[in-house]
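The values are calculated or read from the model by the stated rules, or taken from the named source; none is laboratory data. Because the structure is predicted, anything quoted here is derived from the model rather than measured. Cβ coordinates were reconstructed from backbone atoms using ideal geometry, including for glycine residues, and neighbour counts include every protein chain displayed.
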Amino acid sequence: MQNIVMRSGIIAALLVAGGVAGAAPAGAPPAANIALAPHRAVYDLKLSRTRGSSRIEGVRGRILYDFSGSSCAGYELQFRQVSELDSGEGKTALSDLRSSTWEDATAKSFRFSSENRLNNEAVDVVNGDANRKSDTVAVSLHKPSEKSLNMPTDAVFPTEHMRRIIAAAKAGEHLLQLQIYDGSETGEKIYQTLTVIGAPIAAGDKPPNDASANEPALAKLRRWPVTISYFEKNAKAEDGDQTPAYSIGFELYENGVSRALSLDYSDFTITGEMTSLEMKKPKVCN
């Protein structure tokens with residue numbers, strides 16, 4: 001049960017939007033002109049389905065996502081996810097993840113801090129920063145212990161990742177492969193991602209029935225159905241096909257707001273409905 005709860009904490013990194021790379025990997029559309037909207041959103045979580053021998057019988061929870069910043073001040077995310085997982089026979093586990101990230105506007109610097117509590121006891125505390133160099137992405141971990149790591153120079157940070165997806169969608173592309181470093185779990189992992197982008201939904205088509213329907217600015221924007229699969233970099237494929245560690249689906253507006261979440265952990269899937277949305281003003285550039 002503990003491993004299942006801890007994996008849910010990865011959602012934080014997947015929802016981030018902002019930033020732009022100093023050096024774009026080959027084939028990645030430019031993202032410098034992608035405008036992102038600061039906003040505060042709440043998503044209510046529930047179990048959608050289970051597969052195979054999954055012991056999960058119910059999930060309920062909530063995500064609080066508070067994104068702020070600007071193209072000059074950098075981008076900050078304050079995130080909290082509380083989830084209760086029911087494995088039947090009265091057995092439940094309560095996960096409480098709190099995280100804070102900041103990425104500068106050129107995506108050369110990234111700071112991250114998170115704490116994951118299980119049944120009110122800390123199980124993961126991570127704190128560190130990453131800086132893009134000419135030949136590497138240098139990571140300095142402060143918690144859970146002091147450690148220095150080097151990641152591939154073409155690895156992108158999570159805010160940059162989302163901007164690249166929006167750029168690809170606007171360019172009419174349907175597939176995007178990038179390595180991502182997001183500081184999740186112990187801060188020592190890098191993931192290979194495959195993003196599948198569906199056909200655009202024009203402004204005014206398929207009106208949403210959640211909190212996004214009450215925001216006039218979104219009614220004028222396109223959105224795309226997006227699925228991102230995350231593969232562990234050093235995992236071995238079975239029968240020639242590597243299974244993703246997890247994947248997330250959502251509808252992505254061209255300003256970075258996401259709705260209709262679907263979080264797939266192989267043996268069970270969670271949906272997230274946007275129940276509150278507040279658009280905020282960007283930080284003023286000096």
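Quick notes on this structure:
- Positions within segment 161-185 being outside any helix (DSSP H, G or I), modelled with pLDDT of 90 or more and charged (D, E, K, R), in sequence order: 173, 182
- Pairs linking a residue in segment 212-235 that is without any contact (Cβ under 8 Å) to a residue 12 or more places away in the chain to a residue that is outside any helix (DSSP H, G or I), with Cβ atoms under 8 Å and 6 or more positions apart or on different chains, are 213/207; 235/242; 235/245.
- Unique match (being more than 14 Å from residue 169 (Cβ to Cβ), among the β-branched types (Val, Ile, Thr) and not in a strand (DSSP E or B)) among 243, 269, 275, 193: 243
- Restricting 185, 254 to those that are closer than 19 Å to residue 159 by Cβ and either surrounded by 19 or more Cβ atoms within 10 Å (Cβ to Cβ) or without any contact (Cβ under 8 Å) to a residue 40 or more places away in the chain (or both) reduces the list to 254.
- Residue, surrounded by the most Cβ atoms within 10 Å (Cβ to Cβ), within segment 53-73, restricted to residues that are over 20 Å from residue 277 (Cα atoms) and touching a residue at least 40 places away in the same chain (Cβ under 8 Å): 59
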